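Note sheet for the following structure.
Any read-out appearing in this document is the output of simple, stated calculations on the displayed coordinates, not a laboratory observation. Bear in mind the structure is a predicted one, so any value in this text is a computation, not a measurement. Neighbour counts are summed over all protein chains in view; Cβ atoms, including those assigned to glycine, are modelled from backbone coordinates with ideal geometry.
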Ligand code: SUG
């Protein structure tokens, strides 16, 4: 197939992050997620988690890239506890859940919606046959705590993106879907549309895959993707802790950078090149970086951005030395990346979430971007306000024992009410301006 010449019509790539909530915890809840298993039960710092996420957003804004922020979802999820048979007062529900089903209590408090790469899969309007920006919120049904995100995320994305996007309902629950963490967009030079790469998982011997093939195909179909490609995650990667593709692969423009054991096909983009689509692959062999080094460092989870300064990689601080650093240098030497910016995200990393996990990319036309609700668009002043909100409400330390305390419910409610009020004031001020 010859790529049609022209402009992809996606001049803007909006980054959507979500603030870490006041009950950010290390619950050991992430299936097949080694960092989450390793940190289970350690004290967390909700305050540091939120500040680190905000600092990343600030860097993105400084780079001139549009950035939106979503409020944390309401927790604890008492409806989950109620549906699981816990009744009575809030205090009674928390106490009984702590004694009888501590995993459900942790799930009810989880602020895992902060990893917005799992919020939805997005297809640019230029890539859709019907010319509409398509969004399917991920159902995240492979895990209890994450399955509770989808309903509120659907509403939040509809509110944020306005009429410019078709925000579908999540897929039927049996088709496990984890969103953009398993999706990449490749745009061959001069092409008028991108290729939507949908990555689904093959079960390993140790861990089951989270993304089902039927889900990936269903999303591509309902998005009317002009040129979908389906790549299968290597079971060795799943077993090594790559519970999402974005732990072992990343993309920007015409380039995909991935570990040689990321996919069952060692170089799946070769088939696209054979079809005349000029996409570029950087395949990293185990001798350069082992799967374990990839999973430990999250170097493939860097947030790649097109900016006025060129292509910038926002990379987790632990990649600043050793072989991950050498890979970053190689990407600069080969002209894939122009600049590296390091960020410290240790609170998110403790749960297996790097820079790219914390953002949802939305490629948009200028007109579509114009329909975005400006209340949620971040600038330096808004970052300052949010940082002050975090300082007012987020504890510096949270332990799993705190989750049974009804006082924490009131504390978190007050924090989220305060944020709602802050957003409402901002909305009014923007309307008045
Ligand atoms: O689904 N961790 C998340 C991390 C998601 C990372 N996202 C991307 N790779 N795009 C997950 O495993 C752990 C929560 C806990 O253990 O408390 C968790 O849900």
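At-a-glance table
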| quantity | calculated |
| --- | --- |
| Separation of alpha-carbon centers, the stretch 15-72 and the stretch 94-108, rounded to whole Å | 23 Å |
| Anisotropy class of the stretch 94-173 from Cα gyration tensor, a/c 1.5 cut | prolate |
| Residue order, fewest to most beta carbons within 10 Å, for 365, 192, 216 | 192, 365, 216 |
| Considering only the stretch 12-432, percent of DSSP beta bridges that pair antiparallel, nearest 5 | 55 percent |
| Among 154, 321, 176: highest mean-square fluctuation, GNM of the chain, C-alpha pairs under 10 Å | 321 |
| For 340, 195, order by how many other beta-carbon atoms lie within 10 Å, fewest first | 340, 195 |
| The chain - mean residue ellipticity at 222 nm from DSSP helices (-39,500 (n - 2.57) per run, n ≥ 4, rounded to 500) | -10500 deg cm²/dmol |
| Cα shape, the stretch 113-250, gyration tensor, a/c 1.5 rule | oblate |
| Relative packing of 329-335, 384-390, 197-203, 261-267, which averages over residues the other C-beta atoms within 10 Å, highest first | 197-203, 261-267, 384-390, 329-335 |
| Dmax and Rg, reported as Rg then Dmax, of the stretch 12-432 (C-alpha, Å) | 20.4, 64 |
| Mean Cα-pair separation over length for the stretch 129-189, i.e. relative contact order, pairs under 8 Å, 6 or more apart, % | 45 percent |
| Ascending count of other beta-carbon atoms within 10 Å, so fewest first, for 244, 51, 258, 168 | 168, 51, 258, 244 |
| Highest to lowest packing among 401-407, 227-233, scored as the average C-beta count within 10 Å | 227-233, 401-407 |
| Tensor-based shape of the stretch 1-144 (alpha-carbon gyration tensor, a/c under 1.5 rounded, otherwise prolate or oblate) | prolate |
